[in-house]
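Undergrad: Please read through the structure below; I'll follow up with questions.
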Amino acid sequence: MGFFVNFCLRGGDKHDPKTRRRCGTMSGGIGIFLNILLFLGKLLAGLITSSVAMVADAVNNLSDAATSVVTLIGFRLAGQEADADHPFGHGRVEYVTGLIVALAILLMGFEVGRSSLDALLHPSPVEATPLSLVILAAAIAVKLWMFFFNRALGRAIGSAAMEATAADSLSDVASTSVVLASALLGRFVSFPIDGLAGLAVSLLILKTGWEAARETLDPLLGRPMDPELAADIDKLVLGHDKILGIHDLVYHDYGPGRAMMSFHAEVPADGDLLEIHDLIDHIERELKAKHHIETTIHMDPVVCDERTAGLRQQVTDIAKGMDPALTIHDFRITAGPIHTNLIFDVVVPYGFRLTDDQVRSELTAGIKGLSDRYFPVIQVDHSYVDVRG
């Protein structure tokens, strides 16, 4: 297994389209070959024993061979270079491939369930032979190998499509094990265990299909940036002395290795503009080199005098007292003869326990507690990064 994984990677970058296409070709080719062999073997066993569960399991492997073809084609399409019609590349084809695999798994689950119900309503005798038992045991071993292979390869290159294929192989292990157990028990029980085994197989297939569909739909619909990646970006950017804070981070996933990102970086208002601009360019290059993310950074100048810094910290403490997930940015003050405006944005996670108006109201009450002269002007933003613990 390690040989195949290392052969696919060959020391290449996992984000490189050529490396991913090579891995997809290897996974798809092996899947097609082994699943056709398993289909023929299980079909033979099912015909010999007249077992609907074995035949259903065989058809399941035939569908796996078809989805391996889809995976192979999908990785080759995803590896195409960007063009005028698709300037961000074709990387999301890989997610579409994973979704097609998941839908095929769900369809097969329904078909297996229908055949199994028919076997329950119209049972027929099933007699397992030594050959059929050996075929099923060998199929379990092969599918276990395919599970570990696709999981290792999928994790190595971060592929949702291969993770879905690995999950399908694991469900096949479970379903074939159920068929094998029913074949062994069929000699000792009188009720239609073959049909029950088929139903159990269909439920396992449907569960796998649902989980695989959910995993591939998330990046297609648009999911938040991974919290660990967001934390690493914070660490890298804030590691530069002239960067005081970052906010409004927006992440766009166009497929593995094809991501774009933008955020606002707070910089000293009295700093040297050319020097800070050069630093921003440098950070954008750093993020590109380390995370393969095209980044656009907007500079937000902030006043760093002692009074502003002190008031900002007090308002931050009030927000954190409401909930540790709340953060503030773009804090500035405008002083007048009667009152002082405290102008800032507060970032609220999606699904927060308070409405935007309630957040403003509680923050306003806390700030008024500092002084009646303070007049808060609050803009509520929602985070594009998953901050749930």
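Values quoted throughout were computed directly from the atomic coordinates according to the rules given, and no laboratory measurement underlies them. In this text, all values refer to a predicted model and were calculated from it rather than measured experimentally. Positions of Cβ are generated from backbone atoms using ideal geometry, with glycine treated the same way; all protein chains shown enter the neighbour counts.
Undergrad: Roughly what would the spin-label model give for Glu284 and Lys242, points 7 Å off Cα along C-beta, in nm?
TA: Using points 7 Å along Cα→Cβ, the separation is 1.4 nm.
Undergrad: Right, here's the next one. Bin by bin, in steps of 5 Å, what percent of the Cα pairs in the stretch 236-300 do you find, going until the bin that has the longest distance?
TA: Whole-percent P(r) values from 0 Å outward: 4, 18, 29, 26, 13, 7, 3, 1.
Undergrad: On a 0 to 90 degree scale, rounded to 10, what angle separates helix 130-157 from the longest Cα axis of the chain?
TA: Roughly 20 degrees between the two axes.
Undergrad: Have a look at the stretch 229-274 and give its Rg and Dmax from the Cα atoms, expressed in angstrom.
TA: In Å, with Rg to one decimal and Dmax whole: 12.7, 40.
Undergrad: Here's a follow-up. Which Cys residues of the chain have no other Cys Cβ less than 4.7 Å away and so no disulfide-compatible partner by this rule?
TA: When partners are defined as cysteine Cβ atoms under 4.7 Å apart, the chain leaves Cys304 without one.
Undergrad: I want to check a number: in the chain, how many lysine pairs have alpha carbons closer than 16 Å, given a sequence separation of 8 or more or different chains?
TA: 5
Undergrad: May I ask you to work out the translational diffusion coefficient for the chain at 25 °C, viscosity 0.890 mPa s, via Stokes-Einstein with Rh from the Kirkwood sum over Cα pairs, reported in whole µm²/s?
TA: Rounded, D is 99 µm²/s.
Undergrad: Now for a different question. Starting from the 7 Å offset along Cα-to-Cβ, what nm value, one decimal, do you get for the label separation of Met299 and Gln313?
TA: It works out to 2.7 nm between the two label points.
Undergrad: Scan around Thr327 for amide H atoms under 5 Å from its own, H built in the peptide plane at 1.01 Å from N, and keep only partners 5 or more places away or cross-chain.
TA: Residues meeting the criterion, in which the H sits 1.01 Å from N, are Val347.
Undergrad: Which chymotrypsin sites (Phe, Trp or Tyr not before Pro) does the stretch 187-293 hold that lie in a coil by DSSP with at most 13 other beta carbons within 10 Å?
TA: Loop-located and lightly packed - Phe188.
Undergrad: Among Ser50, Pro337, Ala141, which residue has its Cα furthest toward the positive end of the charge dipole of the chain, with +1 on Lys/Arg Cβ and -1 on Asp/Glu Cβ?
TA: Most positive-ward Cα: Ser50.
Undergrad: In vacuo Debye scattering of the stretch 303-389, one point per C-alpha: log10 I(q)/I(0) at q = 0.11, 0.13, 0.19, 0.21 Å⁻¹?
TA: Log10 of I(q)/I(0), two decimals: -0.29, -0.40, -0.83, -0.99.
Undergrad: Helix 273-291 against the longest principal axis of the chain: what's the angle in degrees, Cα atoms only, rounded to the nearest 10?
TA: Relative to the chain, helix 273-291 is tipped by roughly 10 degrees.
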